[in-house]
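Worksheet: the structure to be examined is printed underneath.
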Amino acid sequence: MYNRWLDHGRVPAVCLLFGDIAMNPEKHNAYYSIAGVVTLYRREIRPLASYTIQSRVLAWDEKWLFHQHRFLLNDGTVSCLALTKSVFKEKSRKTIPPAKLLALAGHDLTDPEVEARRKRNYEEAVVPFLKMDAFINNEPYQWEDKVEDPLRVSKL
């Protein structure tokens, strides 16, 4: 259920962050899409418990926008952390750089503090995420390579 509720938290965050661009994708020829989510569970959210989902932009590069999310229990305990990789595309499937849309939405990206935070977050959080993504996509041992691998779980 975490990922389902994360979708419900992410959509309002994107709409607040990008305003009319997100609300009227046809008008701006800018369509938002999720490319991946990594979720780390810390504490259980008990049935019917109240919690809050916080979302923020963590960093971006020429293609990807990275959001950080936290599920917070009422006592302030972090129950779950998530990192989302997303992208904006034109109808032609051409990628729209996140910085272009952030500026168009009225965010000041010329502030040196904003750029310093984006760069730090990119190096500390996004680079390891992208390395993991690359490893998963280009794992050195293909499934078919080692049929007798003792660490492999058989097909179910």
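The values are calculated or read from the model by the stated rules, or taken from the named source; none is laboratory data. Because the structure is predicted, anything quoted here is derived from the model rather than measured. Cβ placement follows ideal geometry from the backbone for every residue including glycine, while neighbour counts extend to all protein chains displayed. Surface areas here come from the heavy atoms of the whole protein model, side chains and all, with no ligands, DNA or RNA. Shrake-Rupley method; radii C 1.70, N 1.55, O 1.52, S 1.80 Å.
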Once all protein chains are kept in place, W64 shows an accessible area at probe 1.4 Å, nearest 10 Å², of 50
For L109, the residues 5 or more places away or on another chain with a placed amide H closer than 5 Å to its own amide H are none
Sequence-distant residues sharing a close amide H with G36 (under 5 Å, placed H): K85
Using 20 Å as the cut-off for backbone N distance, which residues of region 35-75 belong to the label zone defined by a point 7 Å from the Cα of K89 along Cα→Cβ? 35-38, 60-67
Test item: Cα-centred dipole of the chain, Lys/Arg +1 and Asp/Glu -1 on Cβ, debye: 320
If you take the Cα atoms of the chain, find Rg, then find the Kirkwood Rh from the mean of 1/r over all pairs, what is Rg/Rh? 1.04
Under a Cβ-only charge scheme (Lys and Arg +1, Asp and Glu -1), can you give me the dipole magnitude of region 1-91 about the Cα centre, in debye to the nearest 20? 200
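For the chain, which whole-number percentage of the solvent-accessible area (1.4 Å probe, protein heavy atoms only) is attributable to carbon and sulfur atoms?
The C+S portion of the solvent-accessible surface of the chain is 55 percent.
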What ranking do 40-53, 14-27 get when scored by the average of other Cβ atoms within 10 Å per residue, highest first? 14-27, 40-53
Residue span N74 to F135: 0.36 nm per residue of separation minus Cα-Cα distance leaves a gain in nm of 18.3 nm
Given the options L101, A116, W64, identify the residue whose Cα lies farthest towards the positive end of the charge dipole of region 1-129 (+1 on Cβ of Lys, Arg; -1 on Cβ of Asp, Glu). W64
